[in-house]
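Here the structure is laid out as structure tokens; the discussion comes afterwards.
The values are calculated or read from the model by the stated rules, or taken from the named source; none is laboratory data. Values in this document were obtained by computation on a predicted structure and should not be read as measured data. Cβ atoms come from the backbone with ideal geometry, glycine included; neighbour counts cover every protein chain shown. Note: areas computed on protein heavy atoms with side chains; ligands, DNA, RNA excluded. Shrake-Rupley method; radii C 1.70, N 1.55, O 1.52, S 1.80 Å.
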Amino acid sequence: MAFLIGMSEGLRGQKFEIKSDRTNIGRGPTNDIVINDGAASAQHCYISRRGGRYVLHDMNSTNGTCLNFDRVKEAELQPKQVIQIGSSEFMFDDDTIPPTPLAATTLATANVVDDVAPPDVKPKSFSSVSPFGARQRDNKNIWTAVIVIVGVLALAGVIFFVARILQ
């Protein structure tokens, strides 16, 4: 049977079975899988079963649905893939699909290279690491200005009190 495993805070370790041919997911109480996530739409997405395959469908949600950190409208699911719904993350798994065995010849003929250069491309996003998304740094200049103003006012206050004491 196919299922989703919660990976985000508040859902971590919870297992949601995909029992029917269509499993609705969202914030609304009428969904098959209800998630308490303000970034999820009331009717966010659904997973359909087509024979032995499972397909993820976005329902034109506001924040979109991501599969392995790529935004999708519709995509076939494979075991161990990560689904992001709002700021909630789930891992899809299906215990009816047997794991692919690693061929013994692969290990015997593998060449290990330990001086490979790092990749030249940056990852698309690290925003899914946190359920709250990427940290915004847009207001750095505002905080710098506030700290400078408070510092100047504190210095002026100290000078004023020292001048009063010396009089």
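Kindly indicate whether any position in the range 92-105 is at pLDDT 90 or above, of a type outside the set (V, I, T), assigned to a strand (DSSP E or B) and under 12 Å from the mean Cα position of the chain (by Cα). Before the answer, list the steps.
So the first thing to find is which residues in the range 92-105 are at pLDDT 90 or above, and the list is 92-93.
With the extra rule that they be of a type outside the set (V, I, T), the set shrinks to 92-93.
With assigned to a strand (DSSP E or B) added as a condition, the list becomes 92-93.
Adding the requirement that they be under 12 Å from the mean Cα position of the chain (by Cα) leaves none.
No - not one qualifying residue is present in the range 92-105.
In the range 19-58, which residues are open to solvent by 10 Å² or more (accessible area, probe 1.4 Å) and either in contact with a helix residue (DSSP H, G or I) (Cβ under 6 Å, 6 or more places away or on another chain) or of a type in the set (A, V, I, L, M, F, W, C) (or both)?
Residues satisfying the conditions are V34, A39, A42.
Consider Q43 against the criteria (1) assigned to a strand (DSSP E or B); (2) without any contact (Cβ under 8 Å) to a residue 60 or more places away in the chain: it satisfies all of them except one. Which criterion is unmet?
The failed condition is (1).
Just to be sure before I move on: is F69 open to solvent by 80 Å² or more (accessible area, probe 1.4 Å), under 18 Å from the mean Cα position of the chain (by Cα) and in contact (Cβ under 8 Å) with a residue 40 or more places away in the chain in the structure I sent? Steps first, please.
On the way: open to solvent by 80 Å² or more (accessible area, probe 1.4 Å): yes; under 18 Å from the mean Cα position of the chain (by Cα): yes; in contact (Cβ under 8 Å) with a residue 40 or more places away in the chain: yes.
So F69 fits the description; yes.
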